[in-house]
Every structure is written in structure tokens, then in C-alpha cells.
Amino acid sequence: MIVMKFGGSSVANAERIRHVTDIIKMFLAERPVIVASAMGKTTDNLLAAAERAVNGQVCIEEICHLHYSVAAELQIETVEVQSLLDELKKLLEGISLIREVSARTKDYLVSFGERLSVRILAAHLSRVGVNARFFDAFDIGFVTNSDFTNAELLDDSYNRIGEAFAALQSDYVYTPIVTGFIAKDRNGAITTLGRGGSDLTASVIGAAIKAKEIMVWKDVDGILTTDPRVVPVAQPVKNISFEEASELAYFGAKVLHPRSMLPAMARNIPFRVKNSYNPSHPGTLILSRFDDKDELLRVLTLKKNVTLVDIVSTRMLGQYGFLARVFQIFDEQRISVDMLATSEVSISLTLDSRNGQLDGLKRELEKIANVGIKTGKTIITMVGNVRHSSEILEKTFKVLNTRGINVQMISQGASKVNISFIVDDAQGETCVQELHRVFFETAPAQV
Ligand code: ADP
Ligand code: ASP
Ligand code: MG
């Protein structure tokens, strides 16, 4: 069996759903399990509707219109769609009364997007002769912790998911269409796996059923050398390793969910990124190993809106005590760190903007150190062959120097596939454009 996941842009409207149906039909002999995201921008629209409800307005016209009009155009029964949209309206009315929305309620709310899309896709497939059945992921074994909006899957999920599809392994009598992104916690509350979580759903199912391949279908020809919105001439990368793909997702390339490589990597299942708008393009194949042909760089990423923290010891504690106490404080405050550089008595590190309030962190750190917090920074990450790090760095600093771009911190990941550095947000995009030009747009002989 294989897993095929279709992201929001691949199922954005009736025409796209017809097109996806054709793609699924082409792969039926491979016995696919399908994973679908919410249609188009539905997740964003649901979150926006929650914000409006907090301000007293219930506004779901756009969401209703999209789903009803697509159902009508595809000539499918709307009972299921209608009952979900009615439930959604009640939920928004509830939010508008109490004027607040918790993380738990947000997850319940955004779950409507995926629940609607699988029902529509399955109904359409069945109507055109593919025997399809929709599933909400929590009904086939997806159980997470209760970290609403970014929940972690519990390990025992894999067995349950494997069992849910065991019969299909020997007798593929229907095509399952599963909601991406959503799950439930042990108490039965709906959770989500973090934005872009359908990639992770696909990877988890792939690992659970020991799929031959996991394909995620998007609107780009695979993983590109950098974000095409920053560099329109970015080119698809043919092969990449799981480790490299993990690093680039973690360091801001929005193309894959940061944790989506782990399940596929653990079972060594080939993972392919394909373009549903251009299905004949081979896309990017992610494997555990491949011949890297001595390329210097594979992908450049940027992660904006990062906070940089400089912590300089007041020497109240010895060196060991200092480092231990600093990390203990981060642990206590449940704040995660992306990048780190240390000297004997100082530590510089970056925090993701999603960490929220940093007052508690600052207060605790100031008991043992002088603390400087700077916002508005961008992490640029160069994922590539760090065996050639001197050459990469030489080229990089030459470009940055000519452009007068000041680097504020630099670190080379222990994973040996990335080098990251920090610049001001205002210079982030220019920096990526310049580096892309030097590393990818110039023929090697002329560099
Ligand atoms: P989907 O939700 O359909 O699975 P996403 O929208 O999450 O897909 O991811 C695809 C988008 O990621 C692309 O349209 C592109 O704008 C963006 N992107 C950012 N960095 C990269 C990159 N290095 N390679 C490819 N796409 C990228
Ligand atoms: N619909 C969710 C989102 O927009 C999950 C996904 O698309 O992967 O983040
Ligand atoms: Mg996505």
C-alpha cells in the first residue's frame, strides 16, 4: 500500500477535487490510503471566524459558501456537510457568548475543515466509481497528548492505525480517505498536530501500515532550493535525505511539517513531495541516503520573527553551575530553543516567537546573568554538505560582506547538515536572494 496526502491547495475547489480524483485513480493499483487537508484556506478562515466570534460576530458565510458550492458543483449529497456546518455555527455562537476561545476550543473548531473535506472528497470519489470511505483520524487510532494546537502523537497509536487498515492489506475493497491534522487526546477532546500537520498524519499512517511510499501532493514541484515566494527562480531538489528534510522543515521552510520526517525515517519509508498541479514532474524523493554528488548546498531557508537572547553570567555560579542553571530555567519555563552558541561565560540563543510571554524567563535568568532580549531577527539556515563548511562559509561571508549584511550569531548544527546564522528581519530576504544567486544561480565554473 502507499499513502497519498493532498494539501489544502490540492483540494481547494471542485475543479481541484476532480483533478485529485484523476490522480488517485492513476495510483489505485498501488492501494492508496488517502489523507486530505482542509479545503484551500479553510483552516485560516476558521481561526479568523473564531477571532470575530470573540468580538461578538458570528460569521461563517465564506466557509459555508465554499463547501456548499463545491458539493453542489460535484453533485454530491450534503447531509453530512450540513450537519457539520450546523455544529460549527453553534460552536461559534457559543464563543461569541462567552467571548473567549481556549486552545482546546480552537482545535475543536479547526477540526471542521478536515472533517468537511474528507466527506466531500469521499463522496465525489464514490460518485465517479471509486469505492471510497471517509474516516476521522481519531476513529482509526490517532491519540495524542493534550497539548492543544500542537499535540504529540502517543506511541500506541501506531498499532491501532496498523490494525485499522490490516484487512485492507490483503483485501483492498475500498479506498480510505482520512482527515489530516486532527486527533483526540485520552479524554476524547479533539487535538491538532500543529499547522501543516497533515504531512505528519501521512507519515504516521505510512509508518503504521509499512507503506511502500508516502507521497505528499502540494502546489510546488517538490522541495525547492528556497522559498519560491522569496526567490521565484528557486528550483526543485531531486533527492534529499530525511535528516536534511527535517532540518529545513524545522528551520522555517513551510513546505513540510517539522516533525513529519520522523515516522517515515524510523521505518525507512521513501517520502516523495509531488505537485498536484504538475503530476508528471518527479518531485523530490526523500530517502535515508543518496549520492550527494558533492554539492555544497541543497536548500536555503529563512525563519522570520525570531527572538535572540544573550545571557552573560554575573559569575555568581561556576561555569558548570551556570550552564546547568540556564537550561534548568528553560526547562521550568517550558521554552524551547532553536539555535545556540556559547562561550565560557555567555550564551546566545534564539527562541521561536510562538513561545509567547518571556517575562518569567527574563526574571529567572536575571538572578544569575545579565540578559539582553532582541526581537525581529531572522534565522537563515543553509542545509547542505557540511563536510565543505569552510567553502560554504567563505562564499557566504563574501556575499554578506559585499552587501553590508551583519551576522549576529552563527552555529553549525550537530546533525552536520546545517549552518545557521542570524540577521535582522529587514535584511533576511535580501540575504537569501543574494546567497541563492551565488550558490544556485551561478554555474560552478564561473563562481
Ligand atoms: P500543502 O498544505 O498543500 O501540503 P504547503 O502550502 O504547506 O502545502 O507547502 C507548500 C508551500 O510551501 C509552497 O507553495 C511554497 O510557497 C512554500 N515553501 C516554502 N519554502 C519552500 C521550499 N523550500 N520548497 C518548496 N516550497 C516551499
Ligand atoms: N489544514 C491544516 C493547516 O492549514 C493542516 C494542513 O493543511 O496540513 O495547517
Ligand atoms: Mg501544509
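Below 8 Å between Cα atoms, with a sequence gap of 6+, how large is the relative contact order for the chain in percent? It comes to 13 percent, rounded to a whole number. Of all beta bridges that DSSP places with both ends in the chain, some 60 percent have antiparallel geometry.
May I ask for the net charge around V231, where only other residues with Cβ less than 12 Å from the Cβ of V231 are counted and Lys, Arg are +1 while Asp, Glu are -1? Don't jump to the answer; show the numbers that get you there.
Values: positive: R229, R437; negative: D227, E429, E434, E441.
Here the charged neighbours net out to -2.
Give, in whole angstrom and from largest to smallest, the semi-axes √(5λ) of the equivalent ellipsoid of segment 1-55, with λ running over the eigenvalues of the Cα gyration tensor.
Output for segment 1-55: semi-axes of 30, 12, 5 Å.
Qualifying GluC sites (Glu not before Pro) in segment 229-338, where qualification requires a DSSP coil assignment and no more than 16 other C-beta atoms within 10 Å, comprise E295. With the convex hull drawn over the C-alpha atoms of segment 22-83, the volume per residue is 114 Å³. In a reduced charge model with +1 at each Lys and Arg Cβ and -1 at each Asp and Glu Cβ, segment 65-201 shows a dipole moment near 280 debye about its Cα centre. Beyond 15 Å, the tail of the calculated P(r) for segment 274-367 holds 71 percent of the Cα pairs.
Comparing I240, I95, I34 in a Gaussian network model of the chain, where Cα atoms under 10 Å apart are tied by springs, the biggest mean-square fluctuation is seen for I95.
The separation of segment 232-253 from segment 85-126, counted between C-alpha centres, amounts to 32 Å. Under 1.5 on a/c is rounded, so check that first for segment 39-192, then, if it is not, pick prolate when a/b is larger than b/c and oblate when it is not; a ≥ b ≥ c are the square roots of the alpha carbon gyration tensor eigenvalues. It is oblate, given that a/c is not under 1.5 and a/b is not larger than b/c.
How high is the relative contact order of segment 264-322, in percent, with contacts defined as C-alpha pairs under 8 Å that are six or more residues apart?
Numbers: 28 pairs, mean separation 12.7, N = 59.
Value for segment 264-322: 21 percent.
Each principal axis of segment 331-423 carries a Cα extent, and these read 41, 29, 28 Å when sorted largest first. Rg then Dmax, both in Å and based on the Cα atoms of the chain: 23.3, 73.
Take the eigenvalues of the Cα gyration tensor for segment 146-297, scale each by 5, and report the square roots as semi-axes in whole Å, largest first. Kindly include the intermediate steps, with their values, before the conclusion.
Working: eigenvalues 150, 68, 43 Å².
Output for segment 146-297: semi-axes of 27, 18, 15 Å.
Report the rotationally averaged projected area of segment 172-253 based on its alpha-carbon convex hull, in square nanometres. Write down the numbers at each step before the final one.
Values: hull surface 30.4 nm².
It is 7.6 nm².
Distance between the C-alpha centres of segment 47-77 and segment 276-346: 39 Å, rounded to the whole angstrom. Calculated [222 nm] ellipticity per residue, helices only, for the chain: -12500 deg cm²/dmol; basis is -39500 (n - 2.57) per DSSP H run with n ≥ 4, divided by all residues, nearest 500. Screening the chain for DSSP H helices whose Cα atoms reach 30 Å or more along their own axis and whose mean Kyte hydropathy is at least -0.5 gives 103-127.
Taking only C-alpha pairs under 8 Å that are 6+ residues apart, what is the relative contact order of segment 23-103 in percent? List each step's numbers first, then the result.
Details: 45 pairs, mean separation 30.0, N = 81.
Rounded, it is 37 percent for segment 23-103.
Please report the antiparallel percentage of DSSP beta bridges with both residues in segment 214-371, rounded to the nearest 5. Approximately 70 percent, going by the DSSP bridge assignments.
No value in this document is a laboratory result; all are computed from the given coordinates. These numbers come from a predicted model, not from an experiment. FYI the Cβ positions are ideal-geometry reconstructions off the backbone, even for glycines, and counts take in every protein chain you see.
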